[in-house]
1. Hey, got the dipole for the range 102-180? About the Cα centre, +1 on K and R Cβ, -1 on D and E Cβ, debye to the nearest 20?
2. Order S216, S66 by their accessible area, 1.4 angstrom probe, all chains in place, largest first.
3. Can you tell me the length gained on complete extension of the stretch N130 to L90, counting 0.36 nm per residue apart and subtracting the Cα distance?
4. Round to a whole angstrom and tell me the spacing of the C-alpha centers of the range 197-231 and the range 77-145.
5. Any idea what the alpha-carbon Rg over 2.2 N^0.38 Å comes to for the range 1-136?
6. Take the alpha-carbon positions of the chain, form their convex hull, and give its projected area averaged over all directions (one quarter of the hull surface) in nm².
7. With unit charges on the beta carbon (Lys/Arg positive, Asp/Glu negative), name the residue among S216, N105, N179 whose Cα is farthest towards the positive pole of the charge dipole of the range 88-235.
8. Over the range 129-182, what portion of Cα pair distances is larger than 19 Å, expressed as a whole percent?
Amino acid sequence: CTSVADSSGSLLFYAFTNATFNYSTIVANNLHQIMQNGDTIVGESWANELTILPKPNSNNLFYLFSMSETNVPTEGLWVSTIDMNANVGLGSVIQKNKRLNNFRNADCVTAIKHGNGRDWWVFSKYSNTNATQFNRTYTYLVTPDTIMPPIIQNFNSCTDADVQRIIFRPDGNKMMQINVGGFMCEYDFDRCTGLFSNPVLIFPEQTSNFSRLFWSGTYSPDGNKFYATTQYYFN
C-alpha cells in the first residue's frame, strides 16, 4: 500500500493490491472508496511494487507506477495518471496502465528527486527466473512533459532475482543494493545524470552454504549507517 497526503498531512488518496480483485491494484480516495476508474490497475501484492509521484510542475496530477512480477501476460513496469481535480476533488484515474517495459521486474520499484529539484528518477530492476547475472538497472526520468526512455546499466555482479532492494541515502547520492542471496553493494548516484558508478562490494552473493539473507534495509538519517534486516546470523 502507498499513499499521498496534502501539505497539511491530510490524506488525498492511496493505492493497494487486493486478492479479491485478482491481485490487481486499486486506487482509493480519501473517503476510502474506489476512485473513479481506479480499479483493474496492473500490479501485484509483493513488496515494493507501488510508487506514487506528483507530476512535475503540476498541482493536481500524480503518477502511479506499478509492476507485475509473476503474471507473465502483464509482466513489466506500468504507469497510470491520477487527476485530483476530477470528480469534485475526489480524483479520477484519467490514464490507466501505460506499459513502460514488458519483462520481469524485481519487486523494488522506487524513486528519488532529480538534482534540479523538480523532476524525478524512477528505478526498476531486471529479474529473470533463469538466474542471469546482468544485475541490470532501468532508470526513468520523469519531467513535466514526458517519461523518458530508460537509462540501462549492467554491473554483472549478482543474480537477477525477484527479491532485491535498492535503497537510497537521504541525500540521494548513494544507493545500497541488497538481495536474498546475501549480496550487499553500495553505489554512487549522480542525481543530475541518472548514472550509478563506483560500486563498493560489502558482501558478495552466496551460491551455497547460505549464512545471511537480506530482506530490507534503510540508511540512518545522517546517512552514515545502513541497517539491514536478515534472516540468518552472519559475521
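1. 160 debye
2. S216, S66
3. 10.0 nm
4. Result: 24 Å between the Cα centres.
5. In units of the 2.2 N^0.38 Å rule of thumb, it is 1.06.
6. Averaged projected hull area, Cα only: 13.4 nm².
7. It is N105.
8. Cα-Cα pairs in the range 129-182 separated by more than 19 Å: 40 percent.
The values are calculated or read from the model by the stated rules, or taken from the named source; none is laboratory data. For clarity, every value in this text was computed on a predicted model and none was experimentally measured. Glycine also receives a Cβ, built like all others from the backbone with ideal geometry; neighbour counts cover every protein chain displayed. Surface areas here come from the heavy atoms of the whole protein model, side chains and all, with no ligands, DNA or RNA. Shrake-Rupley method; radii C 1.70, N 1.55, O 1.52, S 1.80 Å.
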